[in-house]
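The values are calculated or read from the model by the stated rules, or taken from the named source; none is laboratory data. Everything quoted here is computed from the prediction, not taken from an experiment. Heads up, the Cβs are rebuilt from the backbone with ideal geometry, glycines too, and the neighbour counts pull from every protein chain shown. Ligands, DNA and RNA are excluded from the accessible area calculation, which covers all protein heavy atoms including side chains. Shrake-Rupley method; radii C 1.70, N 1.55, O 1.52, S 1.80 Å.
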Amino acid sequence: MSAHAPLRLAILHPLATAAAGDEGNARVLAHRAGLRGIEVTVSTVHEGAVPEADLYLLGGLDDDRMPVLAQRLRDGGFADRVASGAAVLAVNAGYQVLGTSFVTADGTRHDGLGVLDVRSSRAGSAFLGPVVTRPDGALGLAALSGYESHHGTSEVGPGAEPFVALELGHGNDGAHDGARQGHVIGTYLHGPLLARNADLADVLLGWATGAVLEPAPATTSDALRAQRVAEDRADPSGWGGRLYGKAHRRSRPSLRRHRG
Amino acid sequence: MKIQPQAISVLSHGIPVAVVSATNGKSTAATMLAAALSTAGPVAFNSGGSNMREGVAMALSQARRATRAVLEVDEMVLGPVTREAGAGWVVLMNASREYTRGVSLERTLDHWATTLADPDLSFTVVANADDPVIAEMAMPLRAASRVVWVAGGMEWRHDSVLCRRCASRVEWPDGHDPAWVCTGCGLERPEPDWFVADGVLHGPHGAQAPLAVNLPGRWLVSNAAFAVATAVTMGVPVAAAARAVAEVSDVDGRYRAIELEGRSVRLFLVKNPASWMEAVSLGGDAQGSIVLAMETFSIRDMTPGWDVDLSVLAGSTVVVTGQRRLDVAVMLEAAGVPYTVVDDPVEAVLSMPPGPVHVIANYTAFKDLRRRLTA
């Protein structure tokens, strides 16, 4: 029997903006918790008060329904849950609405939840493509693999720090992705992110349980990450320069890769 | 290829036209409907999946003697084709999320709702009563008797749990029973005009006929129900329509069993979470030999599989293959399903014992494997 208390995961408002597969992060977390014998409950919140949980997951694309997401979180008392010490992984739309403000396609700036000291704006064109980060010593993370699909650009304020530096991809500003503030991580990385990055899943589980976790195997997801990183380094534009059958005229590969 | 702006309008002038759209099953349902209508005369039909305006125009131009037309359409050209073809029937079966199209579900639904609400159009909509999102947008047409409700089933409910009318939660009080209700505004499942019970399709005014489907999969029965219901609404006797639908044995090569050294291989194409769920459920039901073949398609190509509970495959013999096999391996480990890895898809099929082999493949893997197996 595990020495850990049951873990409560809550997926918040996955239908508020367009889905991007981020709910899959919950499957990875439940699996890696299970490897340690930790019982997990996963709830999905579509309306009303945000229930008490140990780890909250947000995601979705940054479309014009971000204000809907922000309002539901506000009405549900999410900021209070975070202040109580819960861990959070917020991707893309989730990331931007947790900041101090964000911008929708019509140019309107909206108030965010203020859980992250991050101010997001909106670029004229989309950032779409594979991402490889640099290893992060602070959290003990290897180079992460994911992909981005967003119009947002983000400035991290003094109350937070950037989540990771980038080798390939745009993220916040071409140099860093996301933000971290206490046990809250915001990021632009989809995948689902944790499917390829078991070490990050374990960091979040450690925060959520408040414990040092026993080591658990991650052989397959590490091999997957290595494969994806190698492919993306070899072809930074994504699959032979063609994504979903259309030639992409986004930023050229040389601009997306950050040397040094 | 560019077409003349009036092409569809000119080519379809004067003949009854049915337009079929959905996230999943539109090719199959359209094929079945074309078969049913063929019992009453030649039919123009854009088979082969060319479901944008150009494909529609081409099909119409190649069937100038057609007395009816069935047009399978991409979700985002429903409005233009319906308008240009003067469609008298619009079939809407289901709508759910996709990750590789670049069009959000919300945008698709808004487009459909706008088309249905267009005061200049007077078609009859054949709508899925079991899908709250489709039912909500078709409800306003009831007053003008412009809706035919089909109990089309709904296994993927994840994108329909919030009412489009009031944003409250939709519930299915009795679990698998199709009856749904909005907890906010009280919107509820309409009484279907057409439904299947014990292998018999029942319709208005006592219409009924045995509904046999010669293709594998639970969804295929639903597709057949839509096809027969629409054909009857267009004037084809129910028995003749049901018989014609029962004779459909393939759709663009998707369902044909391919024999390979004692293995009977069926390929199931998966594109989005709902089709993953259908293919996985079917495989889980069979508890036999399952090959998951995934090749590179786009940066989001493996995302749909993460939305689906793969644990139903535990108990089957599972092999993963293709360039994206490690993605699938990680999914299966998270679901607690044992598997083996075989790099090459044809070798993966041959690694299974003689007998049926259920292959779940994404678009690129499906095309490659079908070509190699039939070479």
In the set A:HIS170, A:HIS150, A:HIS176, the lone residue that is under 29 Å from B:MET331 (Cα atoms), in contact (Cβ under 8 Å) with a residue 40 or more places away in the chain and open to solvent by 10 Å² or more (accessible area, probe 1.4 Å) is A:HIS170
When residues of segment B:300-329 are limited to those that are among the polar types (S, T, N, Q) and under 22 Å from A:ALA230 (Cα atoms), the one nearest to the chain's Cα centre (by Cα): B:THR303
Flag for B:SER27 being touching a Gly at 6+ places or on another chain (Cβ under 7 Å) and more than 30 Å from B:TRP276 (Cα to Cα): no
Just the residues that are more than 29 Å from B:ALA35 (Cα to Cα) and among the β-branched types (Val, Ile, Thr), please, taken from segment B:250-296. B:ILE290, B:VAL291, B:THR296
When the residues of segment B:262-277 are filtered to those that are in a helix (DSSP H, G or I) and open to solvent by less than 20 Å² (accessible area, probe 1.4 Å), which remaining residue is nearest to the other protein chains (Cβ to nearest Cβ)? B:PRO273
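Yes or no, residue by residue, for (1) open to solvent by less than 10 Å² (accessible area, probe 1.4 Å); (2) touching a residue at least 24 places away in the same chain (Cβ under 8 Å):
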site: B:VAL10; (1), (2): no, no
site: B:ALA18; (1), (2): yes, yes
site: B:THR28; (1), (2): yes, yes
site: B:MET32; (1), (2): yes, yes
site: B:ALA44; (1), (2): yes, yes
site: B:GLU54; (1), (2): no, yes
site: B:THR67; (1), (2): no, yes
site: B:VAL91; (1), (2): yes, yes
site: B:ASN94; (1), (2): no, yes
Residue, most open to solvent (accessible area, probe 1.4 Å), within segment A:15-33, restricted to residues that are at the interface with chain B (Cβ under 8 Å from one of its Cβ atoms) and of a type outside the set (A, V, I, L, M): A:ARG27
Tally up the residues in segment A:95-115 that are of a type in the set (A, V, I, L, M) and open to solvent by 10 Å² or more (accessible area, probe 1.4 Å), please. 4
Residue identified as surrounded by 22 or more Cβ atoms within 10 Å (Cβ to Cβ) and more than 14 Å from chain A (Cβ to nearest Cβ) among B:THR115, B:THR23: B:THR115
Quick one: in segment A:34-43, of everything that is open to solvent by less than 50 Å² (accessible area, probe 1.4 Å) and outside any strand (DSSP E or B), which residue is nearest to the other protein chains (Cβ to nearest Cβ)? A:GLY34
Which residues, taken from segment B:313-364, are farther than 20 Å from B:ARG263 by Cβ, open to solvent by 50 Å² or more (accessible area, probe 1.4 Å) and touching an Asp or Glu at 6+ places or on another chain (Cβ under 8 Å)? B:GLN323
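One line per residue, one yes/no per condition, for (1) more than 19 Å from A:LEU29 (Cα to Cα); (2) of a type in the set (Lys, Arg); (3) touching a Lys or Arg at 6+ places or on another chain (Cβ under 7 Å); (4) more than 14 Å from chain B (Cβ to nearest Cβ):
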| position | (1), (2), (3), (4) |
| --- | --- |
| A:ALA160 | yes, no, yes, yes |
| A:VAL164 | yes, no, yes, yes |
| A:ALA179 | yes, no, no, yes |
| A:THR187 | no, no, no, yes |
| A:ASN197 | no, no, yes, no |
When you check A:GLY107 against the structure, is it more than 27 Å from A:LEU205 (Cα to Cα) and not acidic (Asp, Glu), yes or no? yes
Considering only strands (runs of 3 or more DSSP E) wholly within segment B:109-226, the ones with at least 1 residues that are at negative phi and of a type in the set (Val, Ile, Thr) are B:124-128, B:147-150, B:195-197, B:200-202
Within segment A:70-88, can one find any residue that is open to solvent by less than 40 Å² (accessible area, probe 1.4 Å) and part of a strand (DSSP E or B)? yes
Failed item in (1) open to solvent by less than 50 Å² (accessible area, probe 1.4 Å); (2) within 14 Å of chain A (Cβ to nearest Cβ); (3) in contact (Cβ under 8 Å) with a residue 40 or more places away in the chain, with B:THR230 passing the rest: (2)
Quick check: is even one residue across segment A:44-52 acidic (Asp, Glu), assigned to a helix (DSSP H, G or I) and over 20 Å from the mean Cα position of the chain (by Cα)? no
Of everything in segment B:365-375, what is within 12 Å of B:GLU295 (Cβ to Cβ) and open to solvent by less than 60 Å² (accessible area, probe 1.4 Å)? Give them in sequence order. B:ALA365, B:PHE366, B:LEU369
Taking the stated definitions as given, is A:ARG8 in a strand (DSSP E or B) and more than 13 Å from chain B (Cβ to nearest Cβ)? yes
For residues that are closer than 16 Å to A:PRO162 by Cβ and either assigned to a strand (DSSP E or B) or among the β-branched types (Val, Ile, Thr) (or both), tally how many sit in segment A:128-137. 4
Scan of segment A:58-69 for residues that are open to solvent by 10 Å² or more (accessible area, probe 1.4 Å) and more than 12 Å from chain B (Cβ to nearest Cβ), ordered by number: A:PRO67
